[in-house]
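The values are calculated or read from the model by the stated rules, or taken from the named source; none is laboratory data. If you're wondering where the values come from, they're calculated on a predicted model, not measured in any experiment. Here the Cβ positions follow ideal geometry from the backbone for every residue, glycine too, while neighbour counts run over all protein chains shown. When the accessible area is computed, the model is the full protein with side chains, heavy atoms only, and any ligands, DNA or RNA have been set aside. Shrake-Rupley method; radii C 1.70, N 1.55, O 1.52, S 1.80 Å.
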Amino acid sequence: MTSQGSAWYVDFFRIDYLNVYGHMFTEERAEKESAFVASALGLKAGASVLDLCCGQGRHSVQLAKRGLKVTGLDLNPDYVELAQQAAKASKVEIETVAADMREIPFANKFDAIVNMYSSFGYLESEAEDLKVLESAGKALKADGRLLLDMLNREWAIDNYVQNDWHTGADGTLYVERRDLDLATSRMHVHFIVVDPKGGRRESIGHNIRLYTLTEMTRLLERVGMRVTAVFGGFDSEEYGIGTRRMIAVAKKG
């Protein structure tokens, strides 16, 4: 696995990610999103699927429950272990691997690759993001499909709120600040974390490149993939300026 030093996507996912966003990750939501994925990709029982940036395995487990042969890949070895624990608790089997998404250690293996919850755009440049797509293309079988679930840049601009906050189940306060750079199309979200006793610290947060559909179409074409469908959310709604998500489906070849 390639060492990433102290990049934000190492530090944030090591400590704060599940604490900040864990309240959103319900089993019902994961089941609904995974049902959409299976439908959008036309996946049948026995198909091989890579859950790229699988995190704690919430989608990997739900896809495995549908009879799919699932491999979960994540940079964080602790998340890979959590994914295996979740699979065992649900009485399903998945394979897991700790690896960099730019260096997927498989070739011509998967019928489909899914990348959920805005996990594309983390890296430092468009050139590095392109490496992810190249690696995914190599890991797909001929005519394999890639599904990318991304925040819709147009929606993010139209609904931009710089400051927000929420309270965790244990009483921890998360004060959120969003800085959107229109010149680079990057959204930097960082947090001040205040524990129930008043202790305060800053979290590195996350820094994500938001792509337009035009940009994604061109990037995918550069790696030999063709966009075949775009959705605005997990109810299969049509993609548009007003949809929160931009879920692109592309076919290899």
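Of all DSSP bridge pairs formed entirely within the chain, close to 70 percent run antiparallel. In region 139-216, Cα pairs under 8 Å separated by at least six residues give a relative contact order of 24 percent. Net length available on complete extension from SER125 to ASP179 is 17.7 nm, with 0.36 nm assigned per residue and the Cα-Cα distance removed. Rounded to the nearest 0.05, the FRET efficiency derived from the C-beta distance between ARG222 and LYS197 at R0 = 41 Å is 0.20.
Taking every alpha-carbon pair under 8 Å whose residues sit at least 6 apart, region 89-157 reaches a relative contact order of 43 percent. Model label points for ALA229 and ILE157, set 7 angstrom from Cα along the Cα-to-Cβ axis, are 2.8 nm apart.
To put it simply, the accessible area of the chain at a 1.4 Å probe is 50 percent carbon and sulfur. In terms of its alpha-carbon gyration tensor, region 78-171 comes out oblate; a/c meets the 1.5 threshold, while b/c is at least as large as a/b. Taking the Cα atoms only, what angle lies between the long axis of helix 126-139 and the longest principal axis of the chain, rounded to 10 degrees? Around 40 degrees separate the two axes. Principal semi-axes of the equivalent ellipsoid, √(5λ) from the alpha carbon gyration tensor of the chain, are 28, 22, 18 Å from largest down. Distance between the 7 Å Cα→Cβ label points at LEU213 and VAL10: 3.8 nm. For the chain, the per residue solvent-accessible surface stands at 48 Å², with DNA, RNA and ligands left out and a 1.4 Å probe.
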